Each structure stands twice: as structure tokens, then as C-alpha cells.
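Chemist: Below is a structure I'd like to ask you about.
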Amino acid sequence: MTTSDTTAARLPWDAADPYPFYEACRRRGDVVWDPAAQAWLVLGYHAAREVLAGPAWISDPRANPTASEALRFLNPQFVDASMLFTDGLSHDRLRGAVRDVFTRSFIAGLSDGIESICASAVADVAIGEDFDVMSQIALPLPIAVIGAWLGLDTDQCAGLREHSPAIIRLLGGFADDDELEAGLAASAVLIADFLPAAADRRSHPGDDLLSYLAADPNLSLDEVVVTAILIAVAGHETTANLLGASLIRLLTPGPAGERLADRIDPNDADVVTELLRLDSPVQATARTATADQTLAGVDIACGDPVLVCVAAANRDPHVYDHPDHYESGRSGPTPIAFGHGAHYCLGASLARLEIAAALHHILGRWPVLAGTPVWRDTPAIRGPLTVPARFTT
């Protein structure tokens with residue numbers, strides 16, 4: 001389906017609470033056309049997996065006809081160097097450069113360091129002191145983890161935190177012209193900062209992830225830098241957003257005053273899985289059809305853009321019973337919060353480890369909400385801007 005509407009495409013749901021929109025759309029089917037997004041919305045779990053794992057879809061944003069005006073800002077070198085936007089052999093080469101250090105067993109070896117960082121971040125907040133979870137724990141924690149792993153200095157970590165929000169708007173897709181310019185400017189700053197560091201590690205390697213990347217002869221220096229920035233930005237932003245959203249869910253009292261935080265075991269791996277299913281930071285990911293095809297009974301034409309609504313798929317009522325509710329030990333297929341197929345999130349194991357460790361230390365101090373959380377206006381990557389809280393022990 002195509003459209004002659006010249007209005008700029010936009011994500012049509014409310015960033016704070018997108019789920020009513022998804023459910024209203026779902027009444028029309030698992031795959032529906034949305035004129036605001038100028039794309040097919042893929043809402044069903046099985047249809048979403050089919051797109052994410054299927055060969056007849058492309059990730060390159062330059063293939064999306066509705067984004068052609070915005071793409072005049074994009075540097076082709078930046079797109080071609082990013083595993084997020086590449087497919088096939090190019091994607092395999094970029095992803096293969098870091099695959100071995102993102103295995104579950106390798107990441108498990110980082111657990112002591114992550115536990116120490118989490119414990120320190122939580123211990124820095126005094127009992128009875130009102131604080132913002134996002135600015136004091138959720139955002140600094142994953143930056144500290146990835147900064148230590150990449151071997152970044154204090155200034156580089158500070159730059160990462162300062163410029164990541166603008167880059168996330170760019171990576172999330174459907175940014176307007178001003179946001180694209182801001183995202184590319186932020187990317188340029190980080191690239192200029194990381195480039196000399198990567199060049200130095202290529203000549204004088206250390207025991208860190210940036211040195212590991214720089215030592216790969218199959219990667220250009222630009223690819224080393226873009227890969228490092230992607231890992232750092234995407235990894236810490238999504239982890240921080242999931243931690244903030246999870247704490248809102250866990251600490252918000254129900255009708256009878258009960259809280260999920262009072263009856264879960266944060267050391268149970270199923271807890272993080274269910275929180276991911278309910279509050280996936282990545283709301284949607286874009287693909288473009290490379291051939292005419294039929295998806296969930298709907299004909300999709302070659303060149304048509306789709307938005308795989310990950311968050312909607314994870315609440316598909318045909319796949320999960322009572323999909324809007326938290327259920328311990330839930331049965332059913334694995335949520336696709338980290339994607340599926342070739343683009344499955346490299347940092348999934350790291351994010352799970354960080355969230356589990358953070359919840360263990362935070363909930364161990366019996367936190368309560370100290371105000372009303374505020375959500376960020378970022379529809380593609382959902383997360384809170386502020387989460388006011390207070391520790392009672």
C-alpha cells in the first residue's frame with residue numbers, strides 16, 4: 001500500500017502509554033496500515049517474528065520511501081558502518097567482530113564487576129532522601145558498566161551521557177528534521193572523541209572492548225568507532241529505560257495497596273523476562289519489503305515500509321493469557337523485546353545481568369515512589385524521564 005500524503009510520517013502512539021493505541025489497532029488485524037506512520041504496523045507476535053527473521057525485508061533506512069526527505073541528513077558512511085542498518089554479509093561481518101565477547105558465558109564473567117557497580121550506585125543514596133532513580137542510578141549505572149568495559153575515561157563517559165539522548169532519537173527512527181540534525185551533530189561529537197582513542201588502541205592495545213574492536217583487521221577505523229558508539233549508546237539507554245519502567249511497575253500500589261515489589265524475587269530470571277515482555281524499551285523497529293509478499297493475510301508490496309511493533313507483539317492476546325498483567329512463571333514463547341533473527345540484540349545477556357543486579361540492590365532497600373513519574377516523549381524508545389523515589393532502609 002502506498003500513500004500520496006505528503007505530511008511527514010510520525011509514530012502515532014502516546015510515548016507514556018502506547019498500549020491502548022496498539023489494542024485499538026489490533027481490532028483491525030495483526031497487520032494494519034497507519035496513515036500517520038505511513039507504514040504497515042505489525043502487531044501480532046508471529047507476524048513480527050516472521051518479519052524480523054525473514055529474508056525479504058531490509059533494515060537500511062534509505063530503502064524506506066516515507067523517510068526520503070529526512071535521509072538527506074544521513075551520512076552514508078555512518079549507515080554502512082552500523083550493524084543496526086545493514087543486512088546480509090555486511091551485517092554478519094560487523095556483528096561477527098563482537099559476537100564472541102557478547103556470548104552468555106563471556107558476559108557472566110562480568111557479573112562481579114557489575115554487582116560492585118550496582119552496589120556502589122545504590123549505596124550512594126541516603127535513607128529517607130528523595131531522589132530521582134533515572135538521573136542517580138538508572139542512567140549512570142549502565143554507562144559505568146559499558147564505560148569500564150570499553151576503557152573510556154571520565155570525560156568520555158560524561159560525553160556519552162550528554163549526547164546519547166539525541167542519538168537515540170535518531171536511531172529510533174521517525175525523528176523530525178531538527179531531531180535528525182541534533183542526532184547527527186551528537187554522533188559527530190562522539191565520533192570525533194572516540195576516533196583518536198580507537199586509533200591509539202589499534203597501535204597500543206589494552207585489555208578493553210575498544211582495543212578488541214580496534215585489533216580486528218576486518219574493520220575500518222570508522223567501523224570500529226561506530227560499533228563502539230552503537231554498543232555504548234543503545235546498550236545503556238535501553239537498559240536505563242527498562243530499569244526505570246520496571247521500578248514504576250514494581251513500586252506502584254494496586255487497588256488494595258499491594259505492590260509487585262513485595263512479592264517477587266529479583267534473583268529469579270523469569271522476573272526480568274516478564275518485565276521485558278510488559279515494558280520493552282524498544283517499541284518498534286522498522287523494515288522495508290524487498291519483494292511482494294503476504295503477511296498475516298495482508299498483501300505487502302515491494303518497497304512498502306513496516307513497523308514491527310515489538311511492544312504490541314509481546315502483549316498479543318492470542319499468544320499470552322492476560323497479556324497486560326504481570327504473571328510469575330508465565331508460560332508461552334520468549335518475548336521479542338530483544339528482537340529476533342539476525343538482528344537479535346547482542347547486548348541481551350548484558351542487559352539482563354545489569355537489570356537483575358540493579359533490582360536486587362534497589363529492592364533490598366525497600367524503595368517507595370516519592371512522586372509521579374514523568375515519561376520521555378520518545379515513542380520508538382520508551383522510558384521514563386524521572387522516577388521520584390525514596391529508600392526506607
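The values are calculated or read from the model by the stated rules, or taken from the named source; none is laboratory data. Here the structure is a predicted model, which is why all the values come from computation and not from measurement. Here Cβ is always computed from backbone atoms with ideal geometry, including for glycine, and neighbour counts include all displayed protein chains.
Chemist: Just to be sure before I move on: is Asp216 farther than 16 Å from Ala358 by Cα and touching a helix residue (DSSP H, G or I) at 6+ places or on another chain (Cβ under 8 Å) in the structure I sent?
Modeler: yes
Chemist: Here's a follow-up. For region 305-337, which positions are charged (D, E, K, R) and under 24 Å from the mean Cα position of the chain (by Cα)?
Modeler: Scanning region 305-337 gives Arg315, Asp316, Asp324, Glu327, Arg330.
Chemist: Quick test of your reading of the structure: Gly339 fulfils all but one of (1) in a loop (DSSP other than H, G, I, E, B); (2) on the phi < 0 side of the Ramachandran plot. Name the failing condition by number.
Modeler: Only one criterion is unmet by Gly339, namely (2).
Chemist: Grab the helices (runs of 4 or more DSSP H) fully contained in region 192-292, keeping just those with 1 or more residues being modelled with pLDDT under 95, among the charged types (D, E, K, R) and buried (at least 23 other Cβ atoms within 10 Å of the Cβ).
Modeler: Qualifying helices (runs of 4 or more DSSP H): 221-251.
Chemist: Pick out the one residue from Ile381, Ile355 that is at pLDDT 95 or above and either under 16 Å from the mean Cα position of the chain (by Cα) or under 30 Å from Asp60 (Cα atoms) (or both).
Modeler: Being at pLDDT 95 or above and either under 16 Å from the mean Cα position of the chain (by Cα) or under 30 Å from Asp60 (Cα atoms) (or both) holds for just one of Ile381, Ile355, which is Ile355.
Chemist: Additional query: Scan region 166-191 residue by residue and report those that are of a type in the set (Gly, Ala, Ser), in a loop (DSSP other than H, G, I, E, B) and either at positive phi or out of contact with any strand residue (DSSP E or B) (no Cβ under 8 Å at 6 or more places or on another chain) (or both).
Modeler: Gly173, Ala175
Chemist: Out of all the residues in region 79-119, which are part of a helix (DSSP H, G or I) and in contact with a His (Cβ under 9 Å, 6 or more places away or on another chain)?
Modeler: Selection gives His91, Arg95, Glu115, Cys118, Ala119.
Chemist: Test Ala39 against the criterion of being more than 20 Å from the chain's Cα centre (by Cα) and either buried (at least 17 other Cβ atoms within 10 Å of the Cβ) or at pLDDT below 90 (or both), and give yes or no.
Modeler: yes
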